[in-house]
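S.K.: Next up is a structure, given as structure tokens.
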Amino acid sequence: MDFERLETVMRQLALEAGAKIMDIYNAPDFEVKTKSDASPVTEADEAADALISAGLRAAFPDVALVTEEQAASHGQDVSTFLIVDPLDGTKEFIKRRGEFTVNIAYVENGVPLRGIVYAPAIGRLFYTRADGTSVEETGPEFHAQAVNAQTPISVSMPDNRALMVVASKSHRDQATDDYINRYAVADMKSAGSSLKFCLVATGEADIYPRLGRTMEWDTAAGDAVLRGAGGEMVRFDDHTTFTYGKAGFENPFFIAFAPGVLLVK
């Protein structure tokens, strides 16, 4: 993989998809449909998916592509692939809460090596550089052809007597709360979509546990950003390394965290 080109292409496609999403988000109304698994999908999901998929297939025709909105891609048996969630946090989008993201990642031999997470409504953009390190790009606005200031990001050095925890805004449950209560928590915040990974990656949170169903397209980009910032992601059940390319691209429960956190079982 040409990582310089990958960085450029992922960034450009994420920003262009974000612009399409925001056009629909800012409209007076938009269509919401229900998929076969009862989850919602909007015209923004579909428009962003079409743009990103076409761009990735044109740029990297020999790399397998998995995307949430194309069910035919879910039956592949691959360990190296591009994976897309064109609009993670559809419920946040529908409720106009802003915390939704565009997600693109490159997985090689089961490891998410590069990824980008763009939250167009709140103006936050995180990605891995060609060298594998993660940055947050900042500026009053983002342009596909011109890069703003890039600030390297890094996980926290946590104090296990006072951890900062981030959890899902739309999928919080008692099992998650019970697990969180096993730690000494200084404060807790909720966030939507893959932004939770990015908050751990920037040191704004120390740990993000997820005891609920997710798919690989929900996590790969955020996981890549987290790893590029020095963070880790493990299976919840046995704390073993989290891998990609699983059957059906379905995830087990997991914990994303700064390495200094002393995990409990």
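Please treat every number below as a calculation from the coordinates, not as lab data. Source: prediction; values computed, not measured. Please note: Cβ atoms are built from the backbone with ideal geometry, for glycine as well, and neighbour counts cover all protein chains shown.
S.K.: Taking Cα atoms, how many degrees apart are the long axis of helix 43-59 and the longest axis of the chain, rounded to 10 and kept between 0 and 90?
M.R.: Here the helix axis deviates by roughly 80 degrees.
S.K.: Straight-line reach from Lys35: which aspartates and glutamates have Cα under 14 Å away, leaving out those fewer than 8 places along the same chain?
M.R.: Hits, sequence-local ones excluded: Glu43, Asp45, Glu46, Glu68, Glu69.
S.K.: Checking a compactness column here: for the range 101-152, what do you get for Rg(Cα) / (2.2 N^0.38 Å), N being the number of residues?
M.R.: Normalised Cα radius of gyration, the range 101-152: 1.17.
S.K.: Taking every eigenvalue of the Cα gyration tensor of the range 163-257, multiplying by 5 and rooting it, what semi-axes result, largest first, whole Å?
M.R.: 19, 15, 12
S.K.: Kindly provide the pair-distance distribution of the chain built from C-alpha pairs, with 10 Å bins from 0 and whole-percent values in order of increasing distance.
M.R.: Whole-percent P(r) values from 0 Å outward: 7, 33, 38, 19, 3.
S.K.: Which parts of the range 1-32 would a label at Ala50 reach, counting a residue when its backbone N lies under 19 Å from a point 7 Å out along Cα-to-Cβ?
M.R.: Of the residues in the range 1-32, 13-32 have backbone N under 19 Å from the label point off Ala50.
S.K.: Taking a cut-off of 19 Å between Cα atoms, list the aspartates and glutamates near Lys265, but don't count ones fewer than 8 places away on the same chain.
M.R.: Counting by Cα, and skipping residues close in sequence, Lys265 has these aspartates and glutamates nearby: Asp159, Asp173, Asp177, Asp178, Asp206, Glu232, Asp237, Asp238.
S.K.: Let me ask you something else. Using square roots of five times the C-alpha gyration tensor eigenvalues, list the equivalent-ellipsoid semi-axes of the range 209-265 in whole Å, biggest first.
M.R.: In descending order the semi-axes read 18, 14, 9 Å.
S.K.: Residues of the range 213-237 with the amide nitrogen closer than 16 Å to a label point 7 Å from the Cα of Lys246, along Cα-to-Cβ, please.
M.R.: 213-224, 233-237, by backbone N distance to the label point.
S.K.: Still on this structure, I have one more. Three principal axis extents, largest first, for the C-alpha atoms of the range 3-152, in Å?
M.R.: 41, 41, 22
S.K.: Separate question: List the lysines whose Cα lies under 17 Å from the Cα of Lys189, skipping any in the same chain that are fewer than 8 positions away.
M.R.: Lys169
S.K.: Separation between the Asp62 and Phe253 pseudo-spin-labels, each 7 Å from Cα along Cα→Cβ, expressed in nm?
M.R.: Computed distance between label sites Asp62 and Phe253 equals 4.3 nm.
S.K.: Return one number: the angle in degrees, 0 to 90 and rounded to the nearest 10, between the long axis of the Cα atoms of helix 3-25 and the longest principal axis of the Cα atoms of the chain.
M.R.: Helix 3-25 and the main axis of the chain meet at about 80 degrees.
S.K.: Work out, step by step, the length gained on full extension between Asn160 and Lys265: first 0.36 nm times the residue separation, then minus their alpha carbon distance; give nm to one decimal.
M.R.: Taking Asn160 through Lys265 to full extension adds about 36.3 nm, to one decimal.
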